[in-house]
Amino acid sequence: NKGFINKQGNLRAIFERNDDMGKLERRNWPYIYFFLLPSVIIFIMFYLVPILTVIITSFTRWNGYNIPEFTGLNNYIKLFQTKTFLISLKNLLLWSLIAATAHVGFGVLVAFLLYRQPIGWKFVRAVFMIPNVISVAAWAMIYKFIFHNDFGLLNNILRIFIPNLSIDWFYQSPAAFWAITFTWLFYAVVVTLIVLGDLMAIPTELHEAAFIDGATNWQVTMNINLPLCRNSISTSIILSMTARVAMYETIILTSRGGPGDDTTNLPLILVRAIQDMNYGYANAVAMIMILIGITMLVGINALFEERD
């Protein structure tokens with residue numbers, strides 16, 4: 001009986017302590033809301049309101065000054081009937097596939113090599129970051145000279161093997177598409193750093209246990225390291241693919257979307273619409289970009305979701 005009474009007393013003390021903690025948390029709620037309020041206000045002012053404005057005005061004819069005139073789906077219908085828009089979607093699809101495979105794959109490969117910490121790996125890691133330290137505009141201008149037909153580094157090297165070679169990379173089809181691609185394809189430092197962080201977080205006990213069981217380095221890499229980097233790889237793919245949706249500076253400073261519309265993309269169409277004072281049409285393009293980005297996010301997360 002005494003034990004039963006003692007247990008009851010302990011349970012009562014636990015419930016009273018939990019009740020006191022609950023009251024303390026409820027007492028702190030006003031302070032929690034107060035400190036969250038600035039973030040909520042900033043989100044509403046700089047994210048929610050502009051997004052709602054884009055959504056609403058994408059269904060209107062609007063020059064940025066007069067009152068928007070509702071036109072229904074006219075902007076979207078006109079957009080999908082435009083050859084330039086269809087070419088930009090094709091380019092986006094190809095660039096996204098290249099980003100998700102070759103670009104991310106190269107970054108993951110470098111991460112796994114650096115994880116082995118060979119001689120000079122810290123130097124390689126530092127050098128690998130240089131393109132991300134330089135601004136996109138400066139990097140685009142550097143590549144404009146590298147791919148120049150007359151005095152560009154690439155053509156001068158190729159002319160050692162092909163003396164009469166003449167390729168104006170950014171202004172000749174289909175070379176322009178691949179010239180734009182090579183400006184970002186092998187610069188995957190963000191992917192490398194994200195994956196390398198995941199690799200560094202893997203407990204060494206897992207590797208030791210695998211080696212004791214007779215696993216080789218290749219088996220450890222494929223069956224332990226790679227699966228445990230699933231989240232970082234999916235994040236890298238999302239970042240790489242969505243970056244292709246918003247790619248603008250490199251194209252406008254090199255090929256300007258040409259030759260013809262061979263390297264055009266959605267941001268170029270959006271900027272041209274703004275320059276023509278056609279904000280309703282521009283916001284329709286922006287809505288397409290937002291929907292594509294959300295689709296990529298949801299699709300990649302679903303693809304890499306762990307299943308039982």
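The values are calculated or read from the model by the stated rules, or taken from the named source; none is laboratory data. Source: prediction; values computed, not measured. Here the Cβ is made from the backbone with ideal geometry for all residues, glycine too, and neighbour counts use every protein chain on show. Keep in mind that these areas ignore ligands, DNA and RNA; they rest on the heavy atoms of the full protein, side chains included. Shrake-Rupley method; radii C 1.70, N 1.55, O 1.52, S 1.80 Å.
Here I212, I157, I167, I134 are screened, and the one residue that is within 19 Å of the chain's Cα centre (by Cα) and either at pLDDT below 90 or more than 26 Å from T264 (Cα to Cα) (or both) is I134.
Residue selection: A100 fails the criterion of being in contact (Cβ under 8 Å) with a residue 12 or more places away in the chain, within 19 Å of G257 (Cβ to Cβ) and open to solvent by less than 50 Å² (accessible area, probe 1.4 Å).
Taking the criterion of being under 22 Å from I251 (Cα atoms), over 25 Å from the mean Cα position of the chain (by Cα) and open to solvent by 60 Å² or more (accessible area, probe 1.4 Å), the only residue of the range 81-97 that qualifies is K83. Out of I32, I67, I56, one residue alone is open to solvent by less than 90 Å² (accessible area, probe 1.4 Å) and among the hydrophobic types (A, V, I, L, M, F, W, C). It is I32. Annotation note: of T242, T254, T264, the sole residue that is modelled with pLDDT of 90 or more, open to solvent by less than 70 Å² (accessible area, probe 1.4 Å) and closer than 22 Å to L52 by Cα is T242. Checked against (1) open to solvent by 40 Å² or more (accessible area, probe 1.4 Å); (2) in contact (Cβ under 8 Å) with a residue 12 or more places away in the chain, P163 meets all criteria but (2). Return yes or no: is A188 under 30 Å from F145 (Cβ atoms) and touching a residue at least 60 places away in the same chain (Cβ under 8 Å)? When the stated conditions are applied, A188 passes them. Here is a check on your reading of the model: is T295 surrounded by fewer than 19 Cβ atoms within 10 Å (Cβ to Cβ), in a helix (DSSP H, G or I) and of a type in the set (S, T, N, Q)? It is true that T295 is surrounded by fewer than 19 Cβ atoms within 10 Å (Cβ to Cβ), in a helix (DSSP H, G or I) and of a type in the set (S, T, N, Q).
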